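Chemist: Quick one: the structure is below, questions incoming.
The values are calculated or read from the model by the stated rules, or taken from the named source; none is laboratory data. This structure is a prediction, so every number in the text was calculated from the model and none was measured. As a convention, Cβ positions derive from the backbone with ideal geometry for all residues, glycine included, and neighbour counts pool all protein chains shown.
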Amino acid sequence: MGKMQKRGTVTITTNDQTTLQARLARLDGQVQALRRMVGNGDDWKKMLTLAAAIEGAADQVSADLFRGYLESLSVDKTVSAKAREGLELILKRR
């Protein structure tokens, strides 16, 4: 794992920060593209497709944050693994 930084009660590794920042930058780019498409009156199907991609990207950011949170807890590894498994099932609902 990378270097840990502590902010309040949450600890996040530099590797996790880098991954999350990259995901958020891509998500921001998708939102900006959708704003342009709406402003230009683009095709509904294209906008809906991009909106679905944005939703999936936001879900992935939430999942990454939750995984990091689980790793930061002092819980039994079995409990953590089961929680991760539950998260994966929730994300597959789409």
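Chemist: Could we say that Gly56 is of a type outside the set (Phe, Trp, Tyr) and over 21 Å from Leu91 (Cβ atoms) here?
Modeler: When the stated conditions are applied, Gly56 does not pass them.
Chemist: What helices (runs of 4 or more DSSP H), lying completely within the chain, carry at least 1 residues that are at pLDDT below 80?
Modeler: Hits in the chain: 44-72, 77-91.
Chemist: Scan segment 72-90 and tell me whether some residue there is under 24 Å from Ile12 (Cα atoms), touching a residue at least 60 places away in the same chain (Cβ under 8 Å), under 18 Å from the mean Cα position of the chain (by Cα) and surrounded by 15 or more Cβ atoms within 10 Å (Cβ to Cβ).
Modeler: Scanning segment 72-90 turns up at least one residue that is under 24 Å from Ile12 (Cα atoms), touching a residue at least 60 places away in the same chain (Cβ under 8 Å), under 18 Å from the mean Cα position of the chain (by Cα) and surrounded by 15 or more Cβ atoms within 10 Å (Cβ to Cβ).
Chemist: Return a yes/no flag: does segment 48-68 have any residue that is in contact with a strand residue (DSSP E or B) (Cβ under 8 Å, 6 or more places away or on another chain) and touching a residue at least 12 places away in the same chain (Cβ under 8 Å).
Modeler: yes
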